[in-house]
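Student: Got a structure for you, questions after.
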């Protein structure tokens, strides 16, 4: 059965939204944004099939790192007016908060 946790659901929705956003933007760095933003959900998905708690935490931390990278790109794109929709950045920040909480919980 497919995992329907809020983190899985939100990361998948975020990846789909970013795929749509990136499709519309013609900029040399957009592929970086697409790779990092879709990697978040992929690593969360992989974490759900981890071999151990340590493996789970490691994969969640990779997802968090990808989220931080995506945040960086979105801030740059927002500040240069390439992306004007702050909703994608808000969604990224929400995912980041959820990942931080999940990593802290998994470590304790």
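Student: Output the residue which, of all residues in the range 70-108 that are in contact (Cβ under 8 Å) with a residue 60 or more places away in the chain and under 29 Å from residue 50 (Cβ atoms), is farthest from the chain's Cα centre (by Cα).
Tutor: Across the range 70-108, the extreme among qualifying residues is 102.
Student: When you look at residue 83, is it surrounded by 15 or more Cβ atoms within 10 Å (Cβ to Cβ) and outside any helix (DSSP H, G or I), yes or no?
Tutor: Criteria met by residue 83.
Student: Here is a check on your reading of the model: is residue 95 touching a helix residue (DSSP H, G or I) at 6+ places or on another chain (Cβ under 7 Å) and either within 11 Å of residue 14 (Cβ to Cβ) or exposed (fewer than 15 other Cβ atoms within 10 Å of the Cβ) (or both)?
Tutor: It is true that residue 95 is touching a helix residue (DSSP H, G or I) at 6+ places or on another chain (Cβ under 7 Å) and either within 11 Å of residue 14 (Cβ to Cβ) or exposed (fewer than 15 other Cβ atoms within 10 Å of the Cβ) (or both).
Student: Specify the residue that is farthest from the chain's Cα centre (by Cα); the eligible residues are those in the range 38-62 that are more than 14 Å from residue 103 (Cα to Cα) and either touching a residue at least 12 places away in the same chain (Cβ under 8 Å) or assigned to a helix (DSSP H, G or I) (or both).
Tutor: Among those residues, the one meeting the criterion is 46.
Student: Let me ask something additional. Just one of 11, 20 is surrounded by 19 or more Cβ atoms within 10 Å (Cβ to Cβ) and either modelled with pLDDT of 95 or more or more than 12 Å from the chain's Cα centre (by Cα) (or both); which is it?
Tutor: It is 11.
The values are calculated or read from the model by the stated rules, or taken from the named source; none is laboratory data. Computed from a predicted structure; not experimentally measured. Neighbour counts are summed over all protein chains in view; Cβ atoms, including those assigned to glycine, are modelled from backbone coordinates with ideal geometry.
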